[in-house]
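Below you'll find the structure, written out as structure tokens, and then a few comments.
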Amino acid sequence: MRYLPKSPVDREEMLAEIGVASIDDLFSTIPAEFQLKRDLKIPRQHGESEILDRFREFAENNAVGYSSFLGAGVYRHYRPVIIDSLVQRGEFLTSYTPYQPEISQGTLQAMFEFQTMICELTGMEIANASMYDGSTGAAEAIMMAVRVTGRDGAVIARTVHPEYREVIATYAQHQEIPTVEVGYSANGRADLAALDAAITKDTACVLIQSPNFFGTIEDVAAIAEVAHAKGALLIVSIAEAVSLGIVRPPAEADIVSLEAQSYGVAVGYGGPYCGVIACKEKFLRQMPGRLIGETKDIDGKRGFVLTLSTREQHIRREKATSNICTNQALVAMMTTIFLSVYGKQGMKELAEQNLAKAAYLQSVLGASAGAKVLFDGAPRFHEFVLELPKGAEETNAALLGEKIIGGLPLAKWYPELGPNASLWCATELTTRKQMDAVATALAGKKA
């Protein structure tokens, strides 16, 4: 599509139609301090070789050679090289919404396989062909529960990712869904008694995360029993999808909201990632997003089609379950390839690697650095909270000098834990050498 600029005469006619004398009058309601009165500072044109040099300079600003112990919803996992080789094929990279199934069988089948594997991992009966990310997926799951139950409230555990809760608050505010947050127990799990007390006859759902933000695995079965006894649905949010290789799937949940970034999606400066909603089949018609179904063509051959897609582009707006205007099909493709490469046994072994690495990191930091593990006594996956000898921010600043990115300071979201609390993570990419090095650095010794 060509860009056709407006001529001065065109602009004058448009301004006259609007009823203003000039462009300045048109923008007069914008405060003067926010108006740009100069030309944009755009660099001059560059030759190809100059552009390559500029990008090499940008690349040199990246944190090359650093070891990282950050997790908190975004995880460093190995990405098999086949992922980029396949998703960059033109058939996948440039594909749009597959309204015409006869020319979109490859894309549709990939989405169908994605849905199937998500169901196998989560213990649910139905999964959609992806959402934007884990945070918006959790918010959409709450809206879904409101539609299913006819109730309008939500109880949310404070052990849910703080940024997920911020996104949910934005959605809930405009959907007029009142929310109540409940605290956590000494073992880092959601406070079951407080959760039980918070559920009322108006509560549509209870939302928990497992493994939760502290890395602790929640007692999903017990929480489901409490929620269901009062007629509320249980939503389980999963930010670390690799955990499903070894952690029992939340089969007692009614809805599962999953962030699939760990399945072959690069950290990538915060996105794009891939959210998913899975649920019991009886809630199918209230699920947002896109679903792919299997059918047979006129000759009886297996085929795939869009089916029961309840988003605004497919049905009347007043009947739509969500205004989600797209999905993350290409990113979902990455996760499909990742899961196909690893398989069931590979996913189990990958999860075991993560579990073992975190256990070793926890042991060396406790023994050498004098850090205390908080929320001990409940099972966890590959993240844990440490109370450091010094402030978490101060500690991280010192570690950067050793080319080490430390854990995430928690005081911003959990001030009651104090300034020394931070969240640490180890994945299969974290080496024993790196873990020994950070223990040495925290102990104040020379490596």
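The values are calculated or read from the model by the stated rules, or taken from the named source; none is laboratory data. If you're wondering where the values come from, they're calculated on a predicted model, not measured in any experiment. In this analysis, Cβ positions are derived from the backbone assuming ideal geometry, glycine residues included, and neighbour counts consider all displayed protein chains. To get the accessible areas, we keep the full protein, side chains included, count just its heavy atoms, and leave off ligands, DNA and RNA. Shrake-Rupley method; radii C 1.70, N 1.55, O 1.52, S 1.80 Å.
Structure values in brief
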read-out	value
Sites Lys390 and Glu416 - FRET efficiency at Förster radius 25 Å, r taken between beta-carbons, to 0.05	0.85
Per DSSP, loop GluC sites (Glu not before Pro) in the stretch 154-209 with at most 10 further Cβ within 10 Å	Glu176
Rotationally averaged projected area of the stretch 20-101 (alpha carbon convex hull; nm²)	13.9 nm²
The stretch 64-164: translational diffusion in µm²/s, Stokes-Einstein, Kirkwood Rh over Cα pairs, 37 °C, 0.692 mPa s	189 µm²/s
Against the rule of thumb 2.2 N^0.38 Å, how large the Cα Rg of the stretch 362-434 comes out	1.07
Using a Förster distance of 35 Å, the FRET efficiency for Ser7-Leu40 (Cβ separation, nearest 0.05)	0.95
Extension gain, Ile51 back to Asp202 (0.36 nm per residue minus Cα-Cα distance, nm)	48.5 nm
Cα-based radius of gyration of the chain once divided by 2.2 N^0.38 Å, which approximates compact folds	1.12
When each of Lys372/Lys433; Lys348/Lys372; Lys230/Lys282; Lys390/Lys412; Lys348/Lys412 is checked by Cα-Cα distance, pairs over 23 Å	Lys348/Lys372; Lys348/Lys412
Size of charge dipole - the chain - debye, nearest 20, with Cβ of Lys, Arg +1 and Asp, Glu -1, no other charges	680 debye
Karplus-derived 3J(HN,Hα), 6.51/-1.76/1.60, for each residue of the stretch 50-62, Hz, glycine and proline x	5, 5, 4, 5, 4, 6, 5, 5, 4, 4, 5, 7, 6
Sites His174 and Ala266, calculated FRET efficiency, Cβ-Cβ separation with R0 35 Å, nearest 0.05	0.65
For the chain: accessible area per residue (Å², 1.4 Å)	51 Å²
Inter-site label distance for Lys372 and Ala222 at 7 Å from Cα along Cβ, in nm	2.3 nm
Surface share of carbon and sulfur [accessible, 1.4 angstrom probe, percent] for the chain	54 percent
Debye intensity ratio I(q)/I(0), log10, the stretch 101-218, q values 0.15, 0.16, 0.19 Å⁻¹ (C-alpha model)	-0.76, -0.84, -1.07
Stretchable slack from Glu402 to Gln109, in nm (0.36 nm times residue separation minus alpha-carbon distance)	100.7 nm
Selection of trypsin sites (Lys or Arg not before Pro), the stretch 86-165, meeting DSSP coil and at most 16 other Cβ within 10 Å	Arg89
Gain in span if fully extended, Ala229 to Ile82, counting 0.36 nm per residue against the direct Cα distance	48.2 nm
The stretch 378-388 - phi-based ³J(HN,Hα) in whole Hz, Karplus 6.51/-1.76/1.60, Gly and Pro as x	10, x, 9, 9, 10, 10, 7, 9, 10, 9, 7
Value at 222 nm in deg cm²/dmol, rounded to 500, when DSSP H runs of n ≥ 4 in the chain each add -39,500 (n - 2.57)	-11500 deg cm²/dmol
